[in-house]
Amino acid sequence: MKIVRVASVTFGAVVVLATGYWIYVEGFANPRVVRELTENPAGERARRVMLLTLPGGRRIPVNYLREGGVVYAAADGSWWKQLVGVGFPVTLLVRGETLAGTARAVLDDPDYSQRVFKKLRPNAIEGFGTLVEIRLDGPFVDDDAEEFALDDR
């Protein structure tokens, strides 16, 4: 009986903490970051974080790596599940520039994901997070493309 009580209390505490974290991120942290990205596209945060608009219209700030016509994002939450499959239209705000592309969660090539994550998030725990690959529409110019070039897949 004591084990059941401890388990119930522990579960309740986890639910309360998770709910509190979600409220903080969605209600306070993300809106502040979104405002900073839109008001200061040349700022320090905008060098690492972009604003991603998902197919359902939700806008979220995520860290990114741009390599020519491809933008990579790291997903820690569950939002990447909207991008499972062949590809879905998304829009990006990268350093004040609005871009359109096709996004997919990379679930079929763990070696590729690991290589990208080493550049995108070099200090993150290995194997944590889901890689999202966004192929940009149309012609593009990216002066930093050579600096971040990955080996071909």
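The values are calculated or read from the model by the stated rules, or taken from the named source; none is laboratory data. Values in this document were obtained by computation on a predicted structure and should not be read as measured data. Positions of Cβ are generated from backbone atoms using ideal geometry, with glycine treated the same way; all protein chains shown enter the neighbour counts.
General observations
- Selection of region 60-91 for residues being under 20 Å from V33 (Cα atoms) and more than 11 Å from the chain's Cα centre (by Cα) yields R66, V90, T91.
- Any hit, region 84-104, residues being within 17 Å of G57 (Cβ to Cβ), small (G, A, S) and touching a helix residue (DSSP H, G or I) at 6+ places or on another chain (Cβ under 9 Å): yes
- Within region 91-118, if we keep just the residues that are of a type in the set (D, E, K, R) and modelled with pLDDT under 95, the residue that is farthest from D76 (Cα to Cα) turns out to be E97.
- When G96, G85 are screened for being in contact (Cβ under 8 Å) with a residue 40 or more places away in the chain and loosely packed, with under 15 Cβ neighbours inside 10 Å, only G96 passes.
- V14 at pLDDT 90 or above and of a type in the set (A, V, I, L, M, F, W, C): no
- Residues of region 117-142 classified as surrounded by 15 or more Cβ atoms within 10 Å (Cβ to Cβ) and over 13 Å from the mean Cα position of the chain (by Cα), total: 3
- Selection within region 119-134 - at pLDDT below 90 and basic (K, R): R121
- Only listed residue being on the phi > 0 side of the Ramachandran plot, touching a residue at least 40 places away in the same chain (Cβ under 8 Å) and small (G, A, S), chosen from G57, G127, G68: G68
Here's the yes/no breakdown for (1) part of a helix (DSSP H, G or I); (2) small (G, A, S); (3) over 19 Å from P139 (Cβ atoms):
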position: N63; (1), (2), (3): no, no, yes
position: Q82; (1), (2), (3): yes, no, yes
position: G85; (1), (2), (3): no, yes, yes
position: T102; (1), (2), (3): no, no, no
position: D111; (1), (2), (3): yes, no, yes
position: R115; (1), (2), (3): yes, no, yes
position: K118; (1), (2), (3): yes, no, yes
position: P122; (1), (2), (3): no, no, yes
position: E126; (1), (2), (3): no, no, yes
